[in-house]
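K.L.:
A single structure is presented below for examination.
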Amino acid sequence: MSNDPVLSVKNLRVRYGLFEAVFDVSLDVGAGEAICLLGSNGAGKTTSLRAILGALPMAGGRIRFLGEDTTGLPAVAMTRRGMIYVPEGRELFPTMTVQENLELGAVTPEARLRMKDSLAFACELFPILAERFGQLAGTLSGGQQQMVAIGRGLMGLPKLLMLDEPSLGLAPVIVEQVYAALGRIIRTGATVVLVEQHVQHALELCQRGYVLEGGRVVQQRSTVELASDDSLRQAYMGVD
Ligand SMILES: Nc1ncnc2c1ncn2[C@@H]1O[C@H](COP(=O)(O)OP(=O)(O)OP(=O)(O)O)[C@@H](O)[C@H]1O
Ligand SMILES: [Mg+2]
């Protein structure tokens, strides 16, 4: 066994035209580790995840995934290697059923072989999905759509699961359900990158956190240390 991290990002840079949205983002995720990316609106969290996935072109930097230099590979190739991104805003197919949306997540031959087990796991985590299998995804509540999006991610048998603001816009009781499920996913040994504005949840769930500000990493510490940092609490948690 090598001690290579599952994901290693070095000096990532991403531009939108002339605007450099991300520069100097470096991070590592070890096997079985859950890390969070924190930072205010526009800090570059989504841009970083999408560039790591290969859904946005990189202007600089290197990506290693599962021991392989994957710099510049497109999203479809990364997804096939097991990097699964659950996007901000869910991006379901609204006129397809819950079951069809879930099954679309089984992107590799192995995932298709194990589809039945994966569906069962998704429904165990989110029992409402089993009741809504035949319903069109566009007619679900926001919380249910988020559950489908996470379930669809699990269908791909992620070796790295990247979640972009899974609680965005959800009622508090639904946020609790989603976070209970994420806790269970992490306890199965999943390797996770979580972007979350509900900083408290992210700090409870993850072992380490990176704080992004203006497109770069300004802090990288254990979540225990981040949770006791007064300036971070004031900046992102509305606590003083
Ligand atoms: N398609 C785009 N074209 C131009 N600029 C963009 C585009 N997408 C994002 N940006 C800019 O890049 C910067 C980083 O945006 P990004 O969406 O990565 O931030 P974020 O940390 O995910 O924020 P949020 O918490 O609001 O989701 C912001 O200044 C944003 O306005
Ligand atoms: Mg974002």
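K.L.:
Go through (1) away from ligand 2 (no atom under 15 Å from the Cβ); (2) modelled with pLDDT of 95 or more; (3) outside any strand (DSSP E or B) and name the single condition Asn3 misses.
P.N.:
(2)
K.L.:
Could you count how many residues in the stretch 6-23 are in a strand (DSSP E or B), surrounded by fewer than 20 Cβ atoms within 10 Å (Cβ to Cβ) and either small (Gly, Ala, Ser) or touching a Gly at 6+ places or on another chain (Cβ under 8 Å) (or both)?
P.N.:
Of the residues in that region, 6 qualify.
K.L.:
Got a number for residues in the stretch 94-129 being part of a loop (DSSP other than H, G, I, E, B) and out of contact with any Ser or Thr (no Cβ under 6 Å at 6 or more places or on another chain)?
P.N.:
Selection size over the stretch 94-129: 8.
K.L.:
Would a scan of the stretch 37-51 turn up a residue that is over 25 Å from Gly142 (Cα atoms), away from ligand 1 (no atom under 13 Å from the Cβ) and buried (at least 19 other Cβ atoms within 10 Å of the Cβ)?
P.N.:
No, every residue in the stretch 37-51 fails to be over 25 Å from Gly142 (Cα atoms), away from ligand 1 (no atom under 13 Å from the Cβ) and buried (at least 19 other Cβ atoms within 10 Å of the Cβ).
K.L.:
Mind counting the residues in the stretch 55-93 that are closer than 25 Å to Gly30 by Cβ, out of contact with any Ser or Thr (no Cβ under 9 Å at 6 or more places or on another chain) and outside any loop (DSSP other than H, G, I, E, B)?
P.N.:
So the count comes out to 6.
Conditions (1) at pLDDT 95 or above; (2) buried (at least 20 other Cβ atoms within 10 Å of the Cβ); (3) under 14 Å from the mean Cα position of the chain (by Cα); (4) over 25 Å from Arg64 (Cα atoms), marked per residue:
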| residue | (1), (2), (3), (4) |
| --- | --- |
| Leu163 | yes, yes, yes, no |
| Pro172 | no, no, no, yes |
| Gln207 | yes, no, no, no |
| Asp230 | no, no, no, yes |
| Asp240 | no, no, no, yes |
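K.L.:
Scan the stretch 10-19 and tell me whether some residue there is at pLDDT 95 or above, away from ligand 2 (no atom under 16 Å from the Cβ), of a type in the set (D, E, K, R) and closer than 15 Å to Leu160 by Cα.
P.N.:
No.
K.L.:
While we're on this one: Out of the stretch 141-182, which residues are in contact with a helix residue (DSSP H, G or I) (Cβ under 6 Å, 6 or more places away or on another chain), among the small types (Gly, Ala, Ser) and part of a helix (DSSP H, G or I)?
P.N.:
Correct list: Gly143, Gly151, Ala181.
K.L.:
When you look at Gly54, is it more than 13 Å from ligand 1 (Cβ to nearest atom), within 17 Å of the chain's Cα centre (by Cα) and surrounded by 15 or more Cβ atoms within 10 Å (Cβ to Cβ), yes or no?
P.N.:
When the stated conditions are applied, Gly54 passes them.
K.L.:
Another question about this same structure. For Leu154, indicate whether it is surrounded by 21 or more Cβ atoms within 10 Å (Cβ to Cβ) and farther than 21 Å from Arg90 by Cβ.
P.N.:
So Leu154 fails the test.
K.L.:
Would you check if there is a residue in the stretch 75-86 being touching a residue at least 40 places away in the same chain (Cβ under 8 Å), surrounded by fewer than 22 Cβ atoms within 10 Å (Cβ to Cβ) and either of a type in the set (D, E, K, R) or within 16 Å of ligand 2 (Cβ to nearest atom) (or both)?
P.N.:
So far as the stretch 75-86 goes, yes, one or more of its residues are touching a residue at least 40 places away in the same chain (Cβ under 8 Å), surrounded by fewer than 22 Cβ atoms within 10 Å (Cβ to Cβ) and either of a type in the set (D, E, K, R) or within 16 Å of ligand 2 (Cβ to nearest atom) (or both).
K.L.:
Within the stretch 209-220, does at least one residue satisfy the condition of being more than 24 Å from Gly42 (Cα to Cα), at pLDDT 95 or above and of a type in the set (S, T, N, Q)?
P.N.:
Checked against the condition, which is being more than 24 Å from Gly42 (Cα to Cα), at pLDDT 95 or above and of a type in the set (S, T, N, Q), the stretch 209-220 yields no hits at all.
K.L.:
For the stretch 41-52, name all the residues that are within 13 Å of ligand 2 (Cβ to nearest atom), part of a helix (DSSP H, G or I) and aliphatic (A, V, I, L, M).
P.N.:
Once the filter is applied, which keeps residues that are within 13 Å of ligand 2 (Cβ to nearest atom), part of a helix (DSSP H, G or I) and aliphatic (A, V, I, L, M), the stretch 41-52 yields Leu49, Ala51.
K.L.:
Condition (residue is away from ligand 1 (no atom under 16 Å from the Cβ), small (Gly, Ala, Ser), more than 18 Å from Gly30 (Cα to Cα) and touching a residue at least 24 places away in the same chain (Cβ under 8 Å)) applied to the stretch 173-180: is it met by at least one residue?
P.N.:
no
The values are calculated or read from the model by the stated rules, or taken from the named source; none is laboratory data. Nothing here was measured: the structure is a model prediction, and the numbers come from that model. Every residue, glycine as well, gets a Cβ built from its backbone with ideal geometry; the counts of neighbours run over all protein chains shown.
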